[in-house]
Each structure stands twice: as C-alpha cells, then as structure tokens.
1. Could you sort His21, His2, His107 by accessible area so the largest value comes first, with the probe set to 1.4 Å?
2. Applying 1/(1 + (r/R0)^6) with R0 = 25 Å to the Cβ-Cβ distance of Ala57 and Gln5, what FRET efficiency is obtained, to the nearest 0.05?
3. Can you show me the helix-derived [θ] at 222 nm for the chain, built from DSSP H runs with n ≥ 4 at -39,500 (n - 2.57) apiece and divided by the number of residues, rounded to the nearest 500.
4. What list of ³J(HN,Hα) couplings, whole Hz, do you get for the range 9-24 from phi and the Karplus terms 6.51, -1.76, 1.60, once you set θ to phi - 60° and write x for glycine and proline?
5. Enumerate lysine pairs in the chain that are 8 or more residues apart or on different chains, then count those whose Cα atoms are under 21 Å apart.
6. With Cβ to Cβ distances under 14 Å as the rule, what net charge do the other residues near Glu102 carry (K, R +1; D, E -1)?
7. On C-alpha positions alone, give me the angle between the axis of helix 124-133 and the longest principal axis of the chain, in degrees, nearest 10.
8. Measuring with a 1.4 Å probe in the full set of protein chains, what accessible area per residue, in whole Å², belongs to the chain?
Amino acid sequence: MHTYQHTVQYYETDRMGFTHHSNYVRWMEEARIDFMAKIGWSYQRFEDEGIISPVTAVECRYKKTTTFPETVNIGVSVEEFRSIKLRMKYVMTNAAGNIVCEGASEHCFLDKEGKFVRIDREYPDFAQILTQMAE
C-alpha cells in the first residue's frame, strides 16, 4: 500500500471546525494521482497517450473527524483490475493511527473518442503492474 500525506487546510473545515465530508473524496484523488505517478503512469502520461480515466463510482465510510491542521495519511492500493476497469482502495488514518475514513473509487479507461481502452491489450506493461498490485 502506497501512503500519501495530506495536511487538513483551514478552508477544508466546516462551521463546526471539522473537515467537510466532500474533501475526503478530493484527498482520494490526490493520493491516486500521486500513486499513479510513482508507478510510472502519471495522469500527464495518460493524456499524452490519449487515455482518460473517469471516475465511475466512489464511496466513503467516515469513521472519525479530522480538523485543521491535522495530518492525514492516505493509504492507497489497487483493489481490483480488469482490463478496462480499475478499483482503488483508500484507508485514511490520523497521527495516532486511527482510521478516519475508508473509501474506494472505480475508474474506466477511454480514448479521446470515448471508446473503452483495453489496457491489457494496448498497454500490457501497465496492466501487469496493476495486476501484480491488486489485493
């Protein structure tokens, strides 16, 4: 599992001083983009190859609150990969190691015309990396 760190910003909190729930989804995206870059497939590379990877589903389970300026560790991993579908898993913890949020996101791969890209056929090296990383 790859770990990404995010520091809760003041503007990410609500009137009660807690992180607004919508920010956890944004942090998942930050962690995913960092993860993909670290395995050699940055979003810039996707775009250069003519691939887009839209989110098709997202889920979050909130366990504990976070506040400004807390550091949140976001563990990100490949939960499932099937040629045109990728499911990522996220486990967010605070400095004490307590889980604050668990989530997942699903993505597909499309070309510029909106047609599905079969990663296993067109990018076998990338497919192998994702397959090996799948839990």
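The values are calculated or read from the model by the stated rules, or taken from the named source; none is laboratory data. Worth saying up front: this structure is predicted, and the values here are computed from it rather than measured. Methodologically, a virtual Cβ is constructed for each residue, glycine included, from the backbone with ideal geometry; neighbour enumeration extends over all protein chains shown. For the accessible areas, the whole protein counts, side chains as well, though only heavy atoms, and no ligand, DNA or RNA atoms are used. Shrake-Rupley method; radii C 1.70, N 1.55, O 1.52, S 1.80 Å.
1. From most accessible down to least: His21, His2, His107.
2. 0.50
3. -8000 deg cm²/dmol
4. Karplus values, whole Hz, x for Gly and Pro: 8, 4, 5, 8, 9, 9, 4, 8, x, 9, 4, 5, 4, 5, 5, 4.
5. Taking the chain as the scope, the lysine pair count is 6.
6. Charge balance in the 14 Å sphere: +2.
7. Between the helix axis and the principal axis of the chain, the angle is about 40 degrees.
8. 57 Å²
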